[in-house]
Amino acid sequence: MRISDRLDARVEFLRPWQDDAACSREDTALFFPPDAERKGPRFRREARAKAVCRRCPVISECLAHALRVEEPSGIWGALTEEERTQLLSHPAAQRESLWA
Ligand code: SF4
């Protein structure tokens with residue numbers, strides 16, 4: 001399943017920005033961790049996913065969606081679930097460092 005399919009299934013009203021998603025031709029496995037993924041492979045997979053996100057024209061819309069619905073897993077708007085949790089916990093202190 002591709003990430004655009006997953007997004008379609010979860011939030012129907014977001015289709016306008018999904019149409020421009022840079023990940024629309026990527027395998028969803030790049031953005032969502034497999035079970036029991038080791039630290040090294042996870043770091044490399046996340047780096048590849050974030051590289052896709054950073055050239056995505058709808059990165060702001062994607063991240064806003066993920067923060068609004070508190071997406072529990074995966075890379076959204078170039079942030080991991082842990083980074084999004086940090087951002088939501090400390091928005092003023094964490095926002096700039098997470099985008100660096
Ligand atoms: S920011 Fe990343 S996950 Fe979000 S739509 Fe763009 S490429 Fe996909």
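The values are calculated or read from the model by the stated rules, or taken from the named source; none is laboratory data. Please read all numbers here as calculations on a predicted model, not as lab measurements. Cβ sites come from the backbone with ideal geometry, for glycine too, and all protein chains shown count toward neighbours.
Yes or no: region 53-64 includes at least one residue that is free of Cβ contacts under 8 Å to residues at least 12 places away in the same chain and either hydrophobic (A, V, I, L, M, F, W, C) or within 13 Å of the ligand (Cβ to nearest atom) (or both).
No, region 53-64 contains no residue that is free of Cβ contacts under 8 Å to residues at least 12 places away in the same chain and either hydrophobic (A, V, I, L, M, F, W, C) or within 13 Å of the ligand (Cβ to nearest atom) (or both).
Determine which single condition Val52 fails, assuming it passes every other condition in (1) in a helix (DSSP H, G or I); (2) surrounded by 17 or more Cβ atoms within 10 Å (Cβ to Cβ); (3) at pLDDT below 95.
(3)
Would you check which residues across region 18-49 are aromatic (Phe, Trp, Tyr) and touching a strand residue (DSSP E or B) at 6+ places or on another chain (Cβ under 9 Å) and list them?
Phe31
For region 33-43, enumerate the residues that are within 16 Å of Glu82 (Cα to Cα) and either in a helix (DSSP H, G or I) or of a type in the set (Val, Ile, Thr) (or both).
Scanning region 33-43 gives Lys39, Arg42, Phe43.
Here's a check for you: in region 65-78, which residue that is aliphatic (A, V, I, L, M) and touching a residue at least 24 places away in the same chain (Cβ under 8 Å) is nearest to Phe31 (Cα to Cα)?
Once the filter is applied, the top-ranked residue is Ile75.
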